[in-house]
Amino acid sequence: MKAPRFAYARPASLAEALALLAEYKDDARVLAGGQSLVPMMNFRVAAPKVLVDINRIGSLAGIKVSKSFVRIGALTRHVELERSADVAKHLPLVASAIPHIAHPAIRNRGTFGGSCALADPAAELPACALALGATFVVAGKKGERRIAAQDFFKGLYATALKAGELLVAAEFPLAKPGYASAFGELARRHGDYAMVGVAAHGSTRGGKFADMRVVFFGVADRPQRAARFERALEGRPAAAKTIAGALAELDADLSPRADLHGSAATKLHLAKVLAGRVLGKMEGVA
Ligand SMILES: Cc1cc2nc3c(=O)[nH]c(=O)nc-3n(C[C@H](O)[C@H](O)[C@H](O)COP(=O)(O)OP(=O)(O)OC[C@H]3O[C@@H](n4cnc5c(N)ncnc54)[C@H](O)[C@@H]3O)c2cc1C
């Protein structure tokens, strides 16, 4: 099918884009990599009246490392994250997640901001943003505001972005010494959206787990931290035995719904198996 008719604008600056979004409000949709929006339009799941193409706004792209955080511009392509030495060095969790996103052709066009603004519950980057405690920078006609990742993802394909707002970037705090991270997902074919995924980050300093943030994706309507599981790890030896002992807490942390991939019980089982594997990969785990 072809997309319904729409008007198209290609602003050259952020101010121009924000003016268009303010003018057309709910009738407008931002076009970034188009890897999700264009198929949605062709399937007539989305029918925006006006597309605001942000691809000419250079200030929205790129990766910058400062003293306290790594800033990833919304228009940064997945492939740039994949190839970035800064991401490999400072955000190894993101570096290990990227190869799981779709296929090279999609990673060449798809953007960091598009992935986070879409908020697919089985997407990798929103889970990484939550595990790493990132802050989203959002701009509207009235100025900028910052939203912590835990408050940004509101539900199935829903975020804290309001009509007229644009996701500009995300700021990832630089990891403190002794912190490590690990990532894993189960998918039927490599590149498919995850059946279940885990992004974990925290300290294994002195051979003990501390300050763990363990985020599951593909199991709820948004990326989800496992609070009881995290508490069961806190202060305990970073060892396979600790992880195995904590896994039962996931019964209370997660309540996956049955989906195309399997029953709720299957998904919970897979989440536990994967959590065991991913936590076991964390640097410093004996
Ligand atoms: C076959 C296939 C397989 C895929 N597999 C995966 C996968 O395994 N994991 C995964 O995470 N993704 C997957 N994707 C999606 C891909 O990662 C896309 O890149 C991503 O979903 C959207 O990014 P985009 O830049 O293409 O956004 P677009 O398609 O341009 O936009 C997506 C949505 O976000 C909004 N938006 C985009 N940028 C902004 C912004 N800066 N501010 C506000 N709103 C914005 C748009 O208005 C739209 O609603 C897959 C896609 C395809 C086609």
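Here are the numbers for the structure shown:
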{"quantity": "Some residue of segment 140-148 being under 15 Å from the mean Cα position of the chain (by Cα), closer than 24 Å to Val196 by Cα, modelled with pLDDT of 95 or more and not β-branched (Val, Ile, Thr)", "calculated": "yes"}
{"quantity": "Lone qualifier among Ala15, Ala9, Ala28, Ala74 - being touching a strand residue (DSSP E or B) at 6+ places or on another chain (Cβ under 7 Å) and under 15 Å from Val168 (Cα atoms)", "calculated": "Ala74"}
{"quantity": "Segment 76-89, subset buried (at least 20 other Cβ atoms within 10 Å of the Cβ) and over 14 Å from the mean Cα position of the chain (by Cα), residue nearest to Val52 (Cα to Cα)", "calculated": "Glu80"}
{"quantity": "Residue, surrounded by the most Cβ atoms within 10 Å (Cβ to Cβ), within segment 152-176, restricted to residues that are more than 13 Å from the ligand (Cβ to nearest atom) and small (Gly, Ala, Ser)", "calculated": "Ala175"}
{"quantity": "Matching residues in segment 28-52 - criterion: being within 18 Å of Lys141 (Cα to Cα) and more than 12 Å from the ligand (Cβ to nearest atom)", "calculated": "none"}
{"quantity": "Listing of strands (runs of 3 or more DSSP E) fully contained in segment 177-286 that carry 2 or more residues being surrounded by 15 or more Cβ atoms within 10 Å (Cβ to Cβ) and charged (D, E, K, R)", "calculated": "210-217"}
{"quantity": "Residue list for segment 179-194, filter: of a type outside the set (Ser, Thr, Tyr) and at pLDDT 95 or above", "calculated": "Ala180, Ala182, Phe183, Gly184, Glu185, Leu186"}
{"quantity": "Scan of segment 32-63 for residues that are crowded, with 19+ Cβ neighbours inside 10 Å and under 18 Å from Val79 (Cβ atoms), ordered by number", "calculated": "Ala32, Gly33, Gln35, Ser36, Ile54, Leu60, Ala61, Ile63"}
{"quantity": "Subset tally (residues that are hydroxyl-bearing (Ser, Thr, Tyr), surrounded by fewer than 24 Cβ atoms within 10 Å (Cβ to Cβ) and either near the ligand (Cβ under 7 Å from one of its atoms) or without any contact (Cβ under 8 Å) to a residue 40 or more places away in the chain (or both)) for segment 93-114", "calculated": "0"}
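The values are calculated or read from the model by the stated rules, or taken from the named source; none is laboratory data. Not measured: the values here are computed from a predicted model. Because the Cβ atoms are built from the backbone with ideal geometry, glycine has one as well, and the counts that use them run over all protein chains shown.
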